[in-house]
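A short write-up of the structure that comes next.
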There are 2 protein chains.
Amino acid sequence: MKAATIRDVAERAEVSVASVSRVLNGAGPVTEATRNKVLEAARALQYVPHSGARSLSTSKTQTIGVILPDLYGEFFSELIRGMDVAARSLGYHLIVSSSHDDAEEASAAIRSMRGRVDGLIVLSPHLDAANLAAGLAGRTPILLMNGGAAAGRPSIVVDNHGGAVLAVEHLVATGRRRIVHIAGPAGNLEAEARLAGYLQAMARAGLPTSVVEGEFTQASGHAAGVALARREPRPDAVFAGNDNMAVGAMLALQDGGLRIPEDVAIIGFDDVPIASLVRPGLTTLRIHIAETGRSALERLVRLINAAGEAVADTACEIVRPELVVRPSSNPATPTEASSVPSNAGERLRALAETPSLKGENS
Amino acid sequence: MKAATIRDVAERAEVSVASVSRVLNGAGPVTEATRNKVLEAARALQYVPHSGARSLSTSKTQTIGVILPDLYGEFFSELIRGMDVAARSLGYHLIVSSSHDDAEEASAAIRSMRGRVDGLIVLSPHLDAANLAAGLAGRTPILLMNGGAAAGRPSIVVDNHGGAVLAVEHLVATGRRRIVHIAGPAGNLEAEARLAGYLQAMARAGLPTSVVEGEFTQASGHAAGVALARREPRPDAVFAGNDNMAVGAMLALQDGGLRIPEDVAIIGFDDVPIASLVRPGLTTLRIHIAETGRSALERLVRLINAAGEAVADTACEIVRPELVVRPSSNPATPTEASSVPSNAGERLRALAETPSLKGENS
DNA sequence: GTGTGTCATGTAATCGGTTACACGGTTTTT
DNA sequence: AAAAACCGTGTAACCGATTACATGACACAC
C-alpha cells in the first residue's frame, strides 16, 4: 500500500486537487461542504502531505539545521532541548549534525544541507568566514554561535572574555593568588576568549598565570586535576573553561586529598544542571543555556521570514554570563561531608537552588 | 542570486540535464570529456542538488527521524551522538524531535515526518502499537527502542528487568537488606521494567520492598535522597532507576551526613560518563549507550534498504546490561576524602576507568 | 555498402505538491 | 434588465531532480 497523495484525496472527496490544497492550508475560499468532504477523505486515507514535494514548490522546508562541534556533555543537550522546544512551537523541524573534526568536514555538512533546511545555526568553531561563504551560495540564512563575532553577520555570542574576568576577579577578591586556568581545546573560539579573559584579569591583578590544557570534557578536567594536585606550590584556585572540566578537576583534587574550597577554590563556566548538584556546589558563570537555544532559534526564524527585506539583521547579540557563587569558591561556607550539623544551612540552600529542570523552559 | 539548478549546470557545461545527473550520481555511461565539463560547471556554480526535488523523484530522503521523550541528561546526548556518527558515515541526516508530553503529541510528530524521513527510531514511551499503526500508513520502517517489546516489530530493548535483578542480587550478596528503589516516571516502560525487576528480586530474597517515585532527573533523585536520609530505619542501599537519579540521591545522602558506601550503598543504571567520575564512583549497569545508538541506526538503515523484501526483520534485539562495580556499593573499598594514603589504589583505579570519551567511538 | 550492435547523449514524463488564472454561477449595482 | 462584482472551483504550469526511452554516431561484420 503506497501512501496517499493529494490526488487520491481529491478523487475520494470528489473535488479538485486545488481545493484539497486550499482546505489543508487554510488558504483561499472554500465552502463548508467541500471543507468537510476534504477533511473526511484526508482522515480516511490518513493523508499527510509529502514534505519534499511541498518544499519543491514553496521552496520552504520548515526545517532548521544545527551544526555542532560535538555532542558531549550537558551543554549541547541543554541547548538542543531549548531549540527543539522553540522549533516545535514554531512548526519547524530540527536536523542536527555534529562531530566535525575540521573545517572541510563542517563545510561539507553545511553544503549537504542545501535545499534541506531554511536556515542554519552554526556552533562549529572550525568555520571561519571564508568557509561559510563557500557553503552559502543559496542565500541560506545563517545564525552564528561559534564564539567568533563575524562582523556583518547575525550572531549570538557569549561574553566569554567578560565572564572569565568576573571569575578571576571573584577569586582574587576572596583572597586567592595562585589561580590556574584549565583551558578548552585550542582552536575553539569560546575557549580562547575565556583564556584571554583569564590572562587579562590576572595581569591586571599583578598575578602570575598558569594554564593547563583541556578539551572541555570531564575526563580532561579530571586529568588536569590529577596533575594540579601534585603540583608544588599548590594552586589555591582553579578556573576551568567549562563546568564539565571543573567537575572533573574537582573530583580529582578531592581524590588527591585536597579540600574544596578550603584548599582550592573552583569555578566553572556555563552552569549546566550538574553544577548545582555536585558537592560542594560549583561556582560558575551562568548562561541560561536552554533559554539561549530557544532565543537563537526564534531569531533565526525571524531571519528566515525577513529574508530579502531591506532591514537586515546583522547585529551581534551578546549574552552576558552571570556569576553564581556556590560553595566551591566560598571560604565562608566550608563543606565537610562528615559534619552534619554544620552544613544544615548549606543543605537547605542546595535544595532551594536545585533547578526545577523540567519546568525551566515553560 | 538564486541557487543554481541542474539546468543551469547543464547549460553552462553545454550538455543535457540527464548527463549532469549521470555524472553527479556516478550512474550511467559518460565520456571523460563530458564528465569534466560537468564537474567544472558544477564547481563554478557551487551547485548542490536540491534534496526536496531529489526525494520527490527517488522517494528517498537520506534522512532518519528520532522520536525522543526528552533530551535531559547525558543518556540521550550520548545516544544521539552514537546515531549521528553512524548516520554521517552512511550518508544520512538525523532529524530529532523530543519533549512529547503525551501519545497524541508523539503521534503527531511521527505523522509530520512523512515524506521527510526514510525511517524512524522511536524512543518515546507514550507510543503503544495502536498509535504507531495510526502514524504508519506510508510503510515507513520503524525501529522501536521504547522498552516495549512490540511483537512482530523490529526493536531493540535493554534487558531492564534482568539488569535490575543483577543490581539487587549484588546488593543482597554484599550484605544489604533495607534496599530502596527510586523509580522512574510511571508510564515509562523502561522505568516499569526496572521496577518490576527490583520487586521480583527482592521478593525472591525474601526482603521487604520500598519504592520512592522519581522522574529520571538528577533533581528528582536528589529530592528522593533527601527524604531517604531522614527515614527511620535508614535504608542501607539505594537502587536508582538511572544514573542521573543515583547521582542526585548520592549527593543528598552525603549532604545528610551519610557515608557512601559504608552507611548506604548506591547503584544506578546506564553507565553515563559521569558515573565513573563522581565520588565515590557509581556502581551501575553498563549499557554502551553511544554504541547502542550506532547499532540502532545501522539496523534501521538495513531495514530501509531491505524494505519490501521477503526476509522481514522483526527480531527483538536484546541489550544485556553489565554490572560495573565501583566503590559506591563496595564495602571493601571505603572512600573518605580526607584519608589520602588509604585510597591511593582507588584513585588509580578511577583514573584507569575514566573513559577516553573522545576516542570511544572511533 | 548495407545491416547490426554498442554507446554516449538528449527528450520528455514523472514524482506530489502549490498557485496563477480561467471559468461559470450567484448576488449586487446602476 | 444588463453590467459589474464576487466567489467557489477546476485546469494546468511550475518547482528541480531522476530515468525510461529515443536518437544519432560510429565501428565492425557480412
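Brief remarks on what is shown
- Set A:74, A:104: member being touching a Pro at 6+ places or on another chain (Cβ under 9 Å), among the acidic types (Asp, Glu) and either closer than 27 Å to residue A:220 by Cβ or within 10 Å of chain B (Cβ to nearest Cβ) (or both): A:74
- Residue in the stretch A:60-68 that is open to solvent by 20 Å² or more (accessible area, probe 1.4 Å), within 20 Å of residue B:63 (Cβ to Cβ), within 9 Å of another protein chain (Cβ to nearest Cβ) and not polar (S, T, N, Q) present: no
- Condition broken by residue A:108, with the remaining ones in (1) in a helix (DSSP H, G or I); (2) buried (at least 18 other Cβ atoms within 10 Å of the Cβ) satisfied: (2)
- Looking only at the stretch B:238-278, residues that are in a loop (DSSP other than H, G, I, E, B) and not aromatic (Phe, Trp, Tyr) come to 16 in all.
- In the stretch A:83-94, of all residues being facing another protein chain (nearest Cβ under 9 Å) and buried (at least 24 other Cβ atoms within 10 Å of the Cβ), the one that is nearest to residue B:89 (Cα to Cα) corresponds to A:93.
- If you go through the stretch A:1-44 and keep only what is under 23 Å from residue A:57 (Cα atoms), away from DNA strand D (no atom under 12 Å from the Cβ) and not hydroxyl-bearing (Ser, Thr, Tyr), you end up with A:2, A:3, A:4, A:8, A:24, A:25, A:26, A:39, A:42.
- Test: residue in the stretch A:262-278 that is more than 20 Å from the chain's Cα centre (by Cα), buried (at least 22 other Cβ atoms within 10 Å of the Cβ) and more than 28 Å from residue A:319 (Cβ to Cβ): yes
- Failed criterion for residue A:115 (all others in (1) within 16 Å of DNA strand D (Cβ to nearest atom); (2) part of a helix (DSSP H, G or I); (3) of a type in the set (Gly, Ala, Ser) hold): (2)
- Test: residue B:120 is more than 10 Å from chain A (Cβ to nearest Cβ) and either of a type in the set (Lys, Arg) or buried (at least 23 other Cβ atoms within 10 Å of the Cβ) (or both): yes
- Set A:41, A:10, A:18, A:27: member being open to solvent by less than 20 Å² (accessible area, probe 1.4 Å), within 12 Å of DNA strand C (Cβ to nearest atom) and aliphatic (A, V, I, L, M): A:10
- Any chance residue A:52 is under 21 Å from residue A:91 (Cβ atoms) and either of a type in the set (Phe, Trp, Tyr) or within 14 Å of chain B (Cβ to nearest Cβ) (or both): yes
The values are calculated or read from the model by the stated rules, or taken from the named source; none is laboratory data. Since the model is a prediction, treat every value here as computed from it, not as a measurement. Positions of Cβ are backbone-derived with ideal geometry, glycine not excepted, and every protein chain shown enters the neighbour counts. When the accessible area is computed, the model is the full protein with side chains, heavy atoms only, and any ligands, DNA or RNA have been set aside. Shrake-Rupley method; radii C 1.70, N 1.55, O 1.52, S 1.80 Å.
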